[in-house]
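The values are calculated or read from the model by the stated rules, or taken from the named source; none is laboratory data. The structure displayed is predicted, hence computed values, not measured ones. Neighbour counts are summed over all protein chains in view; Cβ atoms, including those assigned to glycine, are modelled from backbone coordinates with ideal geometry. Note: accessible area is taken over every heavy atom of the protein model, side chains too, but ligands, DNA and RNA are not part of it. Shrake-Rupley method; radii C 1.70, N 1.55, O 1.52, S 1.80 Å.
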Amino acid sequence: MSSQETKKYPSVLLQNRHPDRIATLDEYRRSGGYEGLTALLGAGNPKQAQQVLLDANLLGRGGAAFPAGKKMMTIAENAPFPRYVVCNADEMEPGTFKDRVLIFADPHQLIEGIVIAGYAARASHGIIFIRPEYEQAARIMEREIEVARSEGLVGRNILQSGYDMEIVVHRSGGRYICGEATAQINALMGVRPNPKQPPPYPTTKGLWQRPTVVQNVETLCCMPHILRNGAQWFGSLALTENGAGTKVFCVSGRVERPGCYELPMGVPLKEIVEVHAGGIKNGGRFKACLPGGASTAFVPARLYDIPMDYESLKQEGFRLGTAAVMVFDHSDCLVDATVNLLDFFARESCGWCTPCRDGLPYIRDLMKRVEAGRGSTETIEKIETMCRHMWSAYCAFAPGAVSPVQGLMAEFKDEVMAHVEQGGCPFK
Amino acid sequence: MPKLIIDDISVAVPEGTKVIEAAEQVGIHIPRFCYHPALGSVGACRVCAVKFLQGPFKGVQMSCMIEAADGMVVSTTDPEAVDFRRHVIEWLMINHPHDCPVCDEGGHCLLQDMTVSGGHGMRRYQGKKRTYLDQDLGPLVQHEMNRCIQCYRCSRFYQEYAGYRDLGVMGIASRVYYGRFGPGTLKSPFSGNLIDICPTGVYTDRPSRYKGRRWDYERTPSVCIHCCLGCRITVNVRYREVVRIEARYSPTVNGHFICDRGRYGFFYASSDRRPRKARSGGAETRPKNARDEAAHRLEEITARHGSGSVAVVGGSRSTLETLAAERRICRQLGWQGPSLFTGTEESAAARRAAGHLTTDLAVSLEALKNADLILVAGADPINEAPMAALAIRQAARNGAHIEVIDPRPVTLPLEYVHRPAGTDKISEILRGLGKPSTEDASGDIQDLAARLDQSRRPVVVCGAGKIASERTVEQAARLARNLRRAGKKAGLFFVMTGANTFAACRMAGDPADLETLLLMIEDGKVRALVVVEADPMSEYPDLARLVDALAKLDLMVVLDCIDTETARAAHVFFPTQTFFETGGTLINNEARIQQARPAFAGGTPISQTGGGSHPPRVFRDDIPGTEALSAGQLLMDIVSALSGGISRSVEEFDGVAPEFSGFDPVEATGERGTWAKLPLRTAAGPDSPQMGGETPIKKGELLLVESVYGTEALSRSSPWLQELESEPALTLHPEDASRWGLQHGDRCELSTEAGALTVPVHTSRSTAPGTLVLPRHRRLRWQVFQHFRSGLDTVRIRKTGGEGA
Amino acid sequence: MIPEPTLSHLKDRIAAADHPRELVVDVMFALQEHYGYLSDEAVETTGALLGMSPLQVEELATFYTFLYREPVGRYVIHLCDSVICWLDGAESLRDHLCRKLKIEMGRTTPDGLFTLLPVCCIGYCDRSPAMLVNRKVYGPLTPEKVDELLEKLKQESE
């Protein structure tokens, strides 16, 4: 399969990507950049933008896959001002680095996306919330915002339309939970970034108690293209009926060419791994992957052909998440990998609710026992029960944290039991 | 009213009721740690999980986070929910130490209860327990972080509910830590509530540490007597010693909380300095001898100088029963008094306030929280009645606008507008606002007038005692009444000077105040004083004059439970029981009648009689230290020994004062008692006659004020609260300070003809220009100024320390 | 004491902000930059600048990964230990670093040059195993590359 020719798909979000530098404003403009915004401001109808985004079936690319147009539409007509657009560039889901790549490739694409979202939401402030590991990306954004401002694309009276929008970069102090929209809003307000269970939703009472739209970098980057080329075009980019647009897949782990690949929504998993990422490294066999970051379940080899879009994965009981495909081969112990994932989640729990704060370390410890060959069937039962209970935690963090564990139990029970039966890890 | 079914029981509840609260209404107590009725729901602990079988929500959900809705069918016993709750407990118990045998929370620990009832009996977790370092949080609250179950109640109470910022939550994940930035005394005067709200033993009561287990204590519901609000408390007694006070829930007065003055002010009750013996001429004597001597000498004096030559001096820390006894005696025997107030102005202001409070205007502490605008005039809530500040904060949190008109640098734990106005200006401002048309309001209060106009539930909180004048009281009442007439649900809330000031207003005789009575002593008309639970020598602002006057007396009889200067100056002294021993009736600032039962029988604590050993090795059939009687009873006993004296039960009120006819203290049991409130006029009559204007202050004035710790008669002897006292200082506006060449941090001498004292200088821009503020602090000899508000023409100020001194 | 230009720059930004508190992380980073770590004094100064109590600042300072409440070395090495770097040998790299620097994770070398801290996924899974040194990324790493880098940093610091 790895010898198969690389298929050619249209490159949209990464069309201006250079290996060693960012795209300039001119380059972005030459590829049609800011045309969507110009048209939108010319038409002067924020609702139109909302509708196009809804029609395009643009689903949030940060992991939750909430329809972007619908989110905009939940802002009440008479909701108070100022309103905010928060660009979520926190990207802390393990395996995920597409937002960084998007910013490094084409920062103006993101700026245009933010202004479009801002106009659609009638927001006057855009805030890019960025993780501290991406300091360089933060500086790029700050610099390019100034470039955009000098061209009348950001700031007062954008493109002489009378629409004002300021964009600032907010640096996070660094925590996984800050990627959660409500926690991010708390972080922006300088309070402890614990998530806040809705209602009220951020679009009703978000940042400073005002309507706030939080969108992922990739979601925002899609917007200029949808506005310029239309909803139908966006839909036609996908390979599957239910999908829409392209998706930037971050492929990592046991592959020859780890990296970001922009591919049509619905591209088969096997093609991503075998063709685009160059196949499994060192002649290994594909064993499983986490399809969308650490908080998704292992997809086993029997589903190697699955089309990678939200709906197809959902039907099989999986989530596309951030589309960070982390690949494991036949030599990897998935129990051990799961211990690592649980370690991550136990450490990053914000500490708000009991199941997450105290239950995750417990499950991690149990899983460690299993990995060390000191587990029993009772240990496995305990893990499974506790994982089930994690779904009654406060936010989506704990359910995400146990998704790989539950996936492991569902698809790789034999491997888990081998640890118990052999009194140790069969891979060591 | 949504109707739902919980465990097969149908219940209809008001809109907005959470399922956890709805369950409570049908007697189902769903486990909870983070949920607290006063703090609300945050969904953190997850132990209130129940299963939703039908309705808009399905599956295991938190009953604190979901509002009751029509058609809901909820099961608290569903196996899935029970198993989830059991796991939550198990997770919480992973790190909780098994130190229950030495934990003061043991026996009333919510975590203990839930662990047992949740069915988590066996430890399955095999890892180590997480441990923390504790902090020294000061003399009141003990910190034991290892016990923490991270419910967030403490930080939410401390910061959100109470508005203080020095305790909170730090760290992340399973290392979340609750405490301060560094070790140190908690700054909030409500810090003791941490002990009550913590569901386990992270915060425990420090003064009573290891004094006993909860189930060892004699626990009695009672009422706090450290300010006018009358918060409900639970008294804990062990071995004849009051060891701990806890907040007791009251839906109308204090809600769930009390202040630290109320919680830690009880030290006097079991102090080894408490007088236990009667004294005659300073020497201990048998109670009967003292009684005979007092009666004999009173008889002599009345025989020689007439019945009007004896006067009773009392105060607002006495029970209604004692005050009634005083009044009855004075009336029947023709004695002067009882004089229950210190000064003439104070008496006039307090009695005017009591007279103006009508049933439609009087608001409870709880109702204060529902106001949408609160105007504080001539009152300093944090220092005078701390829980009022906490209630005002809740109103502010609900969106109320808060405005303070007061010369003092009032600080409240909330956002408010402060207008520093001299005491002579407060009534003028109120008068401007109180006019039916706000158009007349002068320029700078237009804003406030407009806000009042837009408000729907405004409350005027007004001082009524030593600082706010009678005119201020009058104008505050008029303003409230006018707002009421304008169709608003307006309220009036007086901050009075003592626990039973309202009762004192009704029971005071002629003269009502000591200041007037002094004139009668000075001209030789009054020759004997019976001082009941009052301490003029510490409370009267003109000590020199008082001492001269007292020297003229033929006899001073003092009845008190604490050893005061006045008690030491008495010819005959009788020890009385404390409120903890007598129980009795108090009437708070909104005319609410509250009854307390005796918490214990009294006597010297075993810790003082046991010679350090326990249990005591010497057995006896009496209780040592029980000579004391209630002040009212003692008074009756003395009087009944007089020929032609009266003999009545202190519990009878007929004939004492008209509104008390038929009053039965036993019936007046508070919340639902038939006498829950003192009968007030149901509505305002015609406006009381116009009074003359305020006397304008010429050169400025010096105010002797109350502070949260160190001024109130009983709590000021508490060693724990003494640790919290800040050094008493003179506070004034920086521009005034520069008039005397003073700056912040200097020391200065304040002197009058009667004496001098030296204090540090604090400057504050929120002090009214021309006003000097000095606390009536136990550490200051402040009784040289003659009046609680004295003109600066009588005061000299001289810098004695600081730069350039 | 904070140098006046830094302080006045922060004050200007705070004065210009609609909601000063939104700058709290920025202020902490700026003061951390000055002190080398977020000292008690830095926490107190942050509070004073923003009208927050030191405790309120501490509530945030102790939440975030990149705010150091204890002194750190000149070079703070954050070694990623999340799943992809782990798969690619982060653990042996960790052991190598500890051996090389003669310190445990979480410690600082006695010369005050290096502090070794674990960090969760830093978003460089295409360059695993990876680490940050003073927030600059290095990867994919091998023990040899780590040695070279440490040597280079040591020389730079001299």
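Some notes on this structure:
- Isolated cysteines in chain C, defined as those with no second cysteine Cβ under 4.7 Å, comprise C:98, C:120, C:121, C:125.
- Taking the inverse of the mean 1/r over every pair of distinct Cα atoms in region A:238-329 gives a Kirkwood hydrodynamic radius of 12.5 Å.
- Accessible surface, region B:307-407, averaged per residue in Å² (probe 1.4 Å): 20 Å²
- GluC sites (Glu not before Pro) within region A:181-264: DSSP coil, no more than 13 neighbouring Cβ in 10 Å: A:241
- Calculated P(r) of chain B - Cα pairs past 52 Å, %: 16 percent
- Backbone N within region B:39-56 under 18 Å of label point (7 Å from residue B:83 Cα along the Cβ vector): B:47-53
- Helix-only CD estimate at 222 nm, as mean residue ellipticity for chain B, using -39500 (n - 2.57) per DSSP H run (n ≥ 4): -7000 deg cm²/dmol
- Equivalent ellipsoid semi-axes - Cα gyration tensor, the protein assembly as shown, angstrom: 69, 35, 29
- Given a 1.4 Å probe and the protein chains as shown, residue A:257 ends up with an accessible area of around 120 Å².
- Region B:310-348 residues near the modelled residue B:552 label - backbone nitrogen below 15 Å, point 7 Å along Cα→Cβ: B:310-311
- Accessible surface buried once C binds B (1.4 Å probe; total of both sides; Å²): 1000 Å²
- Accessible surface calculations at 1.4 Å, restricted to protein heavy atoms, place region B:688-781 at 43 Å² per residue.
- Average partner coverage of B:81-94, which counts Cβ from other chains inside 10 Å: 4
- Beta bridges per DSSP with both ends in chain A, % antiparallel, nearest 5: 45 percent
- Of the trypsin sites (Lys or Arg not before Pro) in region B:264-311, the ones in a loop by DSSP (not H, G, I, E or B) with at most 14 other beta carbons within 10 Å are B:273.
- Cα centre as origin, Lys/Arg/Asp/Glu Cβ charges: the protein assembly as shown dipole, Debye: 720 debye
- In region C:4-61, a dipole from Cβ-located charges (positive for Lys and Arg, negative for Asp and Glu) runs towards its positive end, and of C:29, C:9, C:61 it is C:9 whose Cα lies farthest in that direction.
- Efficiency of FRET between residue B:25 and residue B:397 - r from beta-carbon atoms, R0 30 angstrom, step 0.05: 0.75
- Region A:162-209 and region B:82-148 have their alpha-carbon centroids 34 Å apart.
- Region A:25-235 - Rg and Dmax from Cα coordinates, angstrom: 15.5, 44
- If you take the Cα centroid of region B:448-464 and the Cα centroid of region B:1-35, the two points sit 36 Å apart.
- Residue list for region A:92-107, given a label point 7 angstrom along the Cα-to-Cβ vector of residue A:21 and an amide N cut-off under 20 Å: A:101-107
- 27 Å Cα-Cα threshold exceeded, pairs from A:8/A:270; A:247/A:428; A:47/A:205; B:525/B:699: A:247/A:428; B:525/B:699
- Peptide C:85-93 is shielded by partner chain Cβ atoms: per residue, an average of 3 of them sit within 10 Å of its Cβ.
- Chain pair C, A: total accessible area buried, heavy atoms, 1.4 Å probe, Å²: 3400 Å²
- Summed over the residues of region C:1-134 and divided among them, the accessible surface reaches 40 Å² per residue at a probe radius of 1.4 Å.
- FRET efficiency, residue C:74 to residue C:2 (Cβ-Cβ, R0 22 Å, nearest 0.05): 0.70
- One decimal place: the segment residue C:158-residue C:9 gains 50.6 nm when fully extended, by the rule 0.36 nm per residue minus the C-alpha distance.
- Looking at region B:3-93, the pairs of alpha carbons with a distance over 20 Å make up 27% of the total.
- Buried between B and A is an accessible area of approximately 2500 Å², summed over both sides with a 1.4 Å probe.
- Cβ charges +1 (Lys, Arg) and -1 (Asp, Glu), total dipole of chain A, debye: 680 debye
- Apportionment of accessible area to carbon and sulfur, the protein assembly as shown, percent (1.4 Å): 48 percent
- Protection proxy ranking of A:87-99, C:27-39 - average other beta-carbon atoms within 10 Å, highest first: A:87-99, C:27-39
- In chain A, the longest principal axis of the Cα atoms and the axis of helix A:107-121 are about 70 degrees apart.
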